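What follows draws every value from the coordinates through simple rules; no lab data is involved. Bear in mind that the values here come from a model prediction, so they are computed numbers and not experimental data. Cβ: placed from backbone, ideal geometry, glycine included. Neighbour counts: every protein chain shown.
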Amino acid sequence: MDASINSFMAEVKKRNSHQPEFMQAVQEVAESVIPYIAKHKIYKDQKILERMVEPERLISFRVVWYDDTGKIHVNRGYRVQMNSAIGPYKGGLRFHPTVNASILKFLAFEQVFKNSLTTLPMGGGKGGSDFDPKGKSDNEIMRFCQSFMTELCRHIGPFTDIPAGDIGVGAREIGFMFGTYKKIKNEFTGVLTGKGLSWGGSKIRPESTGYGTVYFAQSMLKTKNDEVKGKTVVVSGSGNVAQFAAEKIIDLGGKVIALSDSGGCIHDSDGIDEKKLDFIMNLKNEERGRISEYTKKYPSGKYYKGKRPWHIKCDIAMPCATENELDERDAKNLLKNGCICVSEGANMPSTPGAMQAFRKAKILYAPGKASNAGGVSASGLEMTQNSLRYSWIREKVDDRLRGIMENIHDSCVKYGMEEDGYCNYVKGANIAGFVKVADAMLAQGVI
């Protein structure tokens, strides 16, 4: 079987050797899916996986804008439309200096499986720009978003491709882009998700990725007759996903003791309660400050410059910042300190070495394509509400989100349970996501 995987990866590498993030994502899927394909000959004969790793469309375009001093800047915009077998392309837009084709192809590839797991009719896509919103004024961000959407609008639509937010793209950016699309197209449609509540948004959409990550952890713990209540939890990041993961952990009776940002991490052994979390949310969302400022307000907290929180003793770890933020050494530290559960809130935050360490130790470990699917699930629910011209109450959306995350967990168990009783959630998520998309591709012919 290793020979088949190596042969497949060699062919993929010929076309994508300069795209390490994409290659890493494909490798992880191939290791789970190729043994399954070997037992189901039709997928192999029709070259389903070979077709899935090739984007249906990769769009690159120039984005020109001017700053508040009148200086012209040129950025590059992208949209990767990966697979539309089960529905229109769906996936976020990321504005960050590190954005390139490799990162967006990896994210789009992951999105195909993630969206399939939700059982909602959504294909996979991803996009963004190497534009950095940090330090920019609202007017500069507005001008960039308007220029970006002027080109992107040619390629998206409510029945074609429905982008959402991601790193660097929040309610402000979605608003500027939506307004531009509406003006150009002269129509009010649900072409973007993550909209404001007064103009087509859905309740708990901002909370959904973080909440979903915790709901998935709760489902995993239930298989061991355990729960979040009473557990100590470390969370990386302090943005949208991390904030609401922390909020839900507190709501379920867990104790959050760490958060981080790109500068370092804080550790508060007394726990980050609702009041302290409110301070962090205001600090990051309104003041756009650094997590280090927490210790000035709460002396019980310690700040570790340049470090992520994986050296801190905990029961549950939730990497919610960015890709490859948790390496093999970090994983071994977590295991040595008694961590029993890892639920990923970011996309591919654990390196291959870390993932192998978690699986070898047979702890509860959920890959991001399963555990952070809450965000796109809520986006799908927002699309449904837009189609109905109706808005559901918070409790209904939250209940549906919880149900979707429980169903994703059950699908992972169905395909990931091994002979010794250990559930390999990585294997389960990859195969469950693959089967639905593959069957749709078979039904639609060779296109």
Quote the relative contact order of the chain in percent (integer), defining contacts as alpha-carbon pairs under 8 Å separated by 6+ residues. 15 percent
Would you mind ranking Ile59, Ile280 by Cβ crowding within 10 Å, fewest neighbours first? Ile59, Ile280
Note on the range 208-366, DSSP bridge orientation, antiparallel percent to nearest 5 equals 40 percent
Find which of Asn282, His96, Gly306 sits farthest along the positive direction of the dipole of the chain, computed with +1 on the beta-carbon of Lys and Arg, -1 on that of Asp and Glu, about the Cα centre. His96
Could you pull out the trypsin sites (Lys or Arg not before Pro) across the range 327-428 that fall in loop regions by DSSP (anything but H, G, I, E, B) with no more than 12 other Cβ atoms inside 10 Å? Arg389
What number, rounded to the nearest 500 deg cm²/dmol, is the helix-based mean residue ellipticity at 222 nm of the chain, given -39500 (n - 2.57) per DSSP H run of at least four residues and division by all its residues? -15000 deg cm²/dmol
Sequence-separation-based contact order of the range 2-73, relative, with Cα cut under 8 Å and 6+ spacing, percent: 19 percent
Under a crude label model (7 Å from the Cα following the beta-carbon direction), how far is Arg51 from Ala10 in nanometres? 2.5 nm
Which of the chymotrypsin sites (Phe, Trp or Tyr not before Pro) found in the range 185-268 are in a DSSP loop and have at most 13 neighbouring Cβ atoms, other than their own, within 10 Å? Phe188
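In terms of the Cα gyration tensor, with a ≥ b ≥ c the square roots of its eigenvalues, is the range 208-366 rounded because a/c is under 1.5, prolate because a/b exceeds b/c, or oblate?
prolate
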Suppose the chain between His18 and Thr119 were pulled fully straight at 0.36 nm per residue; how much longer would it get relative to their current alpha carbon spacing? 33.1 nm
For the range 208-366, what relative contact order do you get, as a whole percent, if you take Cα pairs closer than 8 Å and at least 6 residues apart? 23 percent
Separation in nanometres of the label points that stand 7 Å from Cα toward Cβ, at Arg172 and Val64: 2.6 nm
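Cut-off is 10 Å between beta-carbons; in what order do Val29, Val64 appear when sorted fewest neighbours first?
In order of increasing Cβ crowding within 10 Å: Val64, Val29.
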Say each of Ile184 and Ile72 gets a label point 7 Å from the Cα, pointing the same way as Cα to Cβ; how far apart are those two points in nm? 1.9 nm
Give, in nm to one decimal, the length gained when the segment between Met417 and Asn337 is fully stretched (0.36 nm per residue of separation minus the Cα-Cα distance). 26.2 nm
Ranking request for peptides 172-181, 144-153: highest mean number of other beta-carbon atoms within 10 Å first, then the rest in descending order. 144-153, 172-181
quick note, the chain, DSSP beta bridge pairs, % antiparallel (nearest 5) is 55 percent
The exposure ranking of Thr322, Thr193, fewest beta-carbon neighbours within 10 Å first, is Thr322, Thr193
Which of the trypsin sites (Lys or Arg not before Pro) found in the range 194-224 are loop residues per DSSP with 12 or fewer other Cβ atoms within 10 Å of their Cβ? Lys224
